[in-house]
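S.K.: Just passing along the structure, written as structure tokens.
The values are calculated or read from the model by the stated rules, or taken from the named source; none is laboratory data. Predicted model, so just to flag it, every value in this text is computed and none were measured. Here the Cβ is made from the backbone with ideal geometry for all residues, glycine too, and neighbour counts use every protein chain on show. What goes into the accessible areas is simple: the full protein's heavy atoms, side chains included, and nothing from ligands, DNA or RNA. Shrake-Rupley method; radii C 1.70, N 1.55, O 1.52, S 1.80 Å.
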Amino acid sequence: MTTLLIAIFVTVFDQLVKWIVVSHMELGETIPLIRNVFHLTYILNPGAAFGLLPHQDWFFLAIVAVLFAAFFVMRKRIPQKPFYFPAAVGMLLGGALGNGIDRVRLGAVVDFFDFRIWPIFNVADIFICLGVGLIAFYFWRHSE
């Protein structure tokens, strides 16, 4: 249950932040928060991380479907301890769903965090990276 609650929270939070960006900024607009270091820059990314595989929406949506199918098939085998493992799976699922919703609605993903030396990203991307990182950490710590 923890996994699904976190996935729902991440998805809703991601979509809420994206809604705020889309409703208060023009596409391509940038707002410097720390000049030349951190800006909010509203773009639509038709690809994955770093803009890879642009306009492959069905491929990315298939990945989201496979992630959720794997979760529902394997959900009883997900370790509940340590707490961060089911939370990490929820972060991954919620982030993937948040970006998947954008792909269905817009044909691209809303991105806005802009550190100027890194590709622009969003809340869902943060949770995907956190989730994958925590899952990798779990398997590193529990490998035999």
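S.K.: For a test of the definition: using alpha carbon positions, the gyration tensor, and the 1.5 limit on a/c, classify segment 1-80 as rounded, prolate or oblate.
M.R.: Prolate, because a/c is 1.5 or more and a/b exceeds b/c.
S.K.: With the convex hull built on the Cα atoms of the chain, state its orientation-averaged projected area in nm². List each step's numbers first, then the result.
M.R.: Numbers: hull surface 38.0 nm².
Directional mean of the projected Cα hull area for the chain stands at 9.5 nm².
S.K.: For the chain, what does -39500 (n - 2.57) per DSSP helix run (n ≥ 4), summed and divided by total residues, give at 222 nm, in deg cm²/dmol to the nearest 500? It would help to have the intermediate numbers written out before the result.
M.R.: Numbers: 4 runs with 83 residues, N = 144.
The helix contribution divided over the chain gives -20000 deg cm²/dmol.
S.K.: So, with a 1.4 angstrom probe, what is the percent of accessible area on segment 1-91 that is carbon and sulfur?
M.R.: On the way: 4400 of 5960 Å².
C and S fraction of accessible area: 74 percent.
S.K.: Can you give the FRET efficiency for residue 69 and residue 16, using 1/(1 + (r/R0)^6), R0 = 30 Å, r = Cβ-Cβ distance, to the nearest 0.05?
M.R.: 0.70
S.K.: A further question follows. Quick one: what do you get for segment 37-91 if you divide its Cα Rg by 2.2 N^0.38 Å?
M.R.: Ratio of Rg to 2.2 N^0.38 Å for segment 37-91: 1.57.
S.K.: Another question, if that's okay. Using alpha-carbon pairs under 8 Å, 6+ residues apart, how would you state the relative contact order of the chain in percent?
M.R.: 34
S.K.: Right, another one. So what's the angle, to the nearest 10 degrees on a 0 to 90 scale, between helix 2-24 and the longest Cα principal axis of the chain?
M.R.: The angle comes out near 0 degrees.
S.K.: Determine which residues of segment 52-84 fall in the zone a paramagnetic label at residue 25 would reach in this model, i.e. backbone nitrogen under 19 Å from the point 7 Å along Cα→Cβ.
M.R.: Inside the label zone: 52.
S.K.: Calculate how steeply helix 123-141 sits against the longest principal axis of the alpha-carbon atoms of the chain, using the helix alpha-carbon long axis, and give the answer as 0 to 90 degrees to the nearest 10.
M.R.: 30
S.K.: List the chymotrypsin sites (Phe, Trp or Tyr not before Pro) in segment 1-102 that DSSP assigns to loop (not H, G, I, E or B) and whose Cβ has at most 12 other Cβ atoms within 10 Å. Which are they?
M.R.: 83
S.K.: Can I ask one more? If you roll a 1.4 Å probe over the heavy atoms of the protein chains, what accessible area per residue do you get for the chain, in Å²?
M.R.: Per residue, the chain has an accessible area of 61 Å².
S.K.: Let me ask another. How many nm is it between the label spots at residue 38 and residue 81, if each spot is 7 Å from the Cα in line with the beta carbon?
M.R.: Result for the modelled spin labels: 3.7 nm.
S.K.: Would you please classify the overall shape of segment 95-144 from the alpha carbon gyration tensor, given that a ≥ b ≥ c denote the square roots of the eigenvalues, rounded means a/c under 1.5, and beyond that prolate means a/b larger than b/c while oblate covers the rest?
M.R.: Oblate, because a/c is 1.5 or more while a/b does not exceed b/c.
S.K.: Between rounded, prolate and oblate, where does segment 13-55 land on the alpha carbon gyration tensor, with a ≥ b ≥ c its root eigenvalues, rounded for a/c under 1.5, else prolate if a/b exceeds b/c?
M.R.: In terms of gyration-tensor shape, oblate.
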